[in-house]
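> First the structure, then my questions, so here it is.
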Amino acid sequence: MKKKTMIVAALVVFLSITALNCFASGGHGHNTTKKVGILLVAFGSSEASAQVSFEKIDKRVKETYPGIPVRWAYTSHIIRNKLAKQGKVLDSPEVALAKMMDEKFTHVAVQSLHTIIGAEYDDVRRTIDGFKLMGGFEMILMGYPLMATQKDMAKTVDAILKIIPRERKQNEAVVLMGHGTHHPANAFYAALMFQAQLKDPNIFIGTVEGYPELDLIQELLKKNKIKKAYLLPFMSVAGDHAKNDMAGDEEDSWKSQLTKAGIQCIPVLKGTAEFDAFLDIWVGHINGPLSHFK
Ligand code: CO
C-alpha cells in the first residue's frame, strides 16, 4: 500500500513538472491557437466546363463562411492523373489533409460534394478516421453529401422542380441521369424518383451505372405516353457521362435510344452544382461540422 502511494506521488510530481515545462515552453509544439479550415472534396472532372461549377462552389462557400480558408481535393484517381498530365496538380483527400495538418489547422470541416453516401463518401470517411487515429487535428468532421437525410431528399426534390426548363409543358417528361453505383446507397435514386413523382408524375430518375436503368425509364415514359423529354444530368458537373452517355450521338446514348423510341429529346448540359438550388444544400451542410467547432 505504502509503496503504491509513493509511486502515485512520484507520478504526480513528475506530471506536474512536465506540465510546468510544457507551459514554460509554450506547449511543446501543441497547437494553442484554434485554426479552422474547410476541405471541399469532389469526385473531380477533367472537363473544362466543370471548372465553372467548382469555381461557383468555391466562391459560394467563401461568401457563406467568411474568414475560413477553403481547400480542395478530388477523390478520383483517374481524373487526378489526367489533370496532372496537363500540368494541373490536384490533391487527393489524403494529401490535402496532410498539408492542412502541416499548416497547423486544428479543426477541419470536410465537405463532400458527392450526391449520395456512396463508395466515394465512404472512402473519404475512412481517410478521416485515419487522421483521427493519428491525432492529426483536434477535431475533424465530415458534412453530408447532397442527399443523406429525408430532409435532404425533400430539398433535392424542390431543387429539381426549380431547375426544370420553363418552356417544358406538363405532358413532357424531365429525365434526370444519375451516376448509379454498386454501393447499397444506390437505393437513393429510386427513392428520389418516387418522391419527385409525388409532386410531378413526369419526372424520372435513371442511372448510368446502377438502378433504375434506361430500359425501365423508357418503359415508364411509354406508359405515361411521353412524346418529348428534357434530359438533365443528376451529377454535380456536366462531364463525360452527361456529354456522351446522356446527350451524345452514339447509338447507345440516352438521347439516341429515346429518340429511336419516338421521344423527342432536349438535352440540358448543366450539372447540379451549376444551380443555386442544389448548391444551397451542399453549402448548408458545412454548417453541420462547423457548428461543433464553436
Ligand atoms: Co462514371
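The values are calculated or read from the model by the stated rules, or taken from the named source; none is laboratory data. Every value quoted in this text rests on a predicted model; they were computed, and no experiment measured them. Neighbour counts run over all protein chains shown; Cβ positions are idealised from the backbone, glycine included. SASA here: full protein model, heavy atoms, side chains in, ligands and nucleic acids out. Shrake-Rupley method; radii C 1.70, N 1.55, O 1.52, S 1.80 Å.
> Specify whether the C-alpha gyration tensor of the range 185-231 places it in the rounded, prolate or oblate class, a ≥ b ≥ c being the square roots of the eigenvalues: rounded for a/c under 1.5, otherwise prolate if a/b is larger than b/c and oblate if not.
oblate
> Would you mind computing the Rg to Rh ratio of the chain from its alpha-carbon coordinates, Kirkwood style for Rh?
Radius of gyration over Kirkwood radius for the chain works out to 1.14.
> Out of the trypsin sites (Lys or Arg not before Pro) in the range 111-216, which ones are loop residues according to DSSP with at most 14 other C-beta atoms within 10 Å?
Of the trypsin sites (Lys or Arg not before Pro), the ones in loops of the range 111-216 whose Cβ has at most 14 other Cβ atoms within 10 Å are Arg166, Lys169.
> Ok, one more. Applying 1/(1 + (r/R0)^6) with R0 = 22 Å to the Cβ-Cβ distance of Asp249 and Gln197, what FRET efficiency is obtained, to the nearest 0.05?
0.15
> Between rounded, prolate and oblate, where does the range 225-279 land on the alpha carbon gyration tensor, with a ≥ b ≥ c its root eigenvalues, rounded for a/c under 1.5, else prolate if a/b exceeds b/c?
Because a/c hits 1.5 or more and a/b fails to exceed b/c, the range 225-279 counts as oblate.
> Within the range 275-294, list the residues whose amide N lies under 12 Å from a label point set 7 Å along Cα→Cβ of Glu138.
Answer for the range 275-294: 293-294.
> Compute the FRET efficiency between Glu167 and Glu63 as 1/(1 + (r/R0)^6), taking r as their Cβ-Cβ distance and R0 = 25 Å, and round to the nearest 0.05.
Efficiency computed from Cβ-Cβ geometry: 0.20.
> Just how large is the dipole of the chain about the Cα centre, in debye to the nearest 20, putting +1 at every Lys and Arg Cβ and -1 at every Asp and Glu Cβ?
Dipole size: approximately 980 debye.
> Provide the packing ranking of 81-91, 277-287, 230-240, 133-143, i.e. peptides ordered by the mean count of other C-beta atoms within 10 Å per residue, highest first.
230-240, 277-287, 133-143, 81-91
> If one computes P(r) from the Cα atoms of the range 150-271, what percent of pairs lie at distances over 25 Å?
13 percent
> Output the 0 to 90 degree angle, nearest 10, between the alpha-carbon long axis of helix 119-134 and the longest principal axis computed from the alpha carbons of the chain.
Approximately 0 degrees, to the nearest 10.
> Cα gyration tensor of the range 76-115, axes a ≥ b ≥ c as square roots of the eigenvalues: rounded (a/c below 1.5), prolate (a/b > b/c) or oblate?
oblate
> State which entries of Lys35/Lys85; Lys151/Lys260; Lys62/Lys151; Lys199/Lys260; Lys132/Lys294; Lys88/Lys260 exceed 30 angstrom in Cα-Cα distance in the structure shown.
Lys35/Lys85; Lys151/Lys260; Lys88/Lys260, as the Cα separations exceed 30 Å there.
> Need one number: nm distance between label points at Lys82 and Glu94, each 7 Å from Cα along Cα→Cβ, rounded to one decimal.
For the pair Lys82/Glu94, the computed spacing is 2.2 nm.
> Per residue, how much accessible surface does the range 150-271 expose to a 1.4 Å probe? Answer in Å², no decimals.
Accessible area per residue, the range 150-271: 51 Å².
> Another question about this same structure. Per DSSP H run of n ≥ 4, the term is -39500 (n - 2.57); total these for the chain, divide by its residue number, and report the mean residue ellipticity at 222 nm rounded to 500 deg cm²/dmol.
Rounded to the nearest 500, the figure is -14000 deg cm²/dmol.
> Could you state the angle between the C-alpha long axis of helix 276-285 and the longest principal axis of the C-alpha atoms of the chain, as a value from 0 to 90 degrees rounded to the nearest 10?
Approximately 20 degrees, to the nearest 10.
> Measure nothing but the geometry: give the 0 to 90° angle between the long axis through the Cα atoms of 187-199 and the longest principal axis through the Cα atoms of the chain, rounded to 10°.
60 degrees
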